[in-house]
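Worksheet for the structure shown next.
Each value in this text was obtained by applying a stated rule to the coordinates, not by laboratory testing. Values in this document were obtained by computation on a predicted structure and should not be read as measured data. Backbone-built Cβ (ideal geometry, glycine too); neighbour counts: all protein chains shown.
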Amino acid sequence: MKITPMSIIGAPELVRTNPAHAGNSPVRDVHSLSRPVSAQQEKKLGTFESYLLGAVDTVNQQQLDVNRLTRQYVTDPDSVNVEDITTAMAKAQMSLSLAQTVIDRITTGWNELSTTR
């Protein structure tokens, strides 16, 4: 299985308003975007905040999984395969590194925007 950054944290769902734009989500009317959205529809579409919280939760869960596997290996070595621990560690390290990079880029972008004004 090939691990990509988007498979680690999941890709955001974008809203297309023009059929010429790339993507496979349905095209929505621009005027429907300004209408109030029900709570159920908002959950389905997601918000930037929920996306970031979900990504952080996924990174945290991967770190906890590595910790759990390591403890299990120390207490009962025969119940855990060493390759599983190594794979979980690499996956957790990659997602943490990606999260750090995204946070650094967001911070840099925000600083550039605030100094431009």
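The label-point distance for ASP84 and ARG105, in a model that sets each label 7 Å from Cα toward Cβ, rounds to 3.4 nm. Between LEU64 and ARG28, the distance separating the two model label sites (each 7 Å from Cα on the Cα→Cβ line) works out to 3.1 nm. A simple count of charges around SER95, restricted to other residues whose Cβ falls under 13 Å of its Cβ and scoring Lys, Arg +1 and Asp, Glu -1, yields -1.
Each Cα pair under 8 Å and six or more residues apart adds its separation to the average, and for the stretch 41-98 the resulting relative contact order is 37 percent. Summing Lys and Arg as +1 and Asp and Glu as -1 over all other residues whose Cβ lies under 15 Å from the Cβ of ASN60 gives a net charge of 0. Take the Cα of ARG71, step 7 Å toward its Cβ, do the same at GLU49, and the gap between the two points is 3.2 nm.
For VAL27, the amide hydrogen comes within under 5 Å of no other amide hydrogen, counting only partners 5 or more places away or on other chains and with H modelled in the peptide plane.
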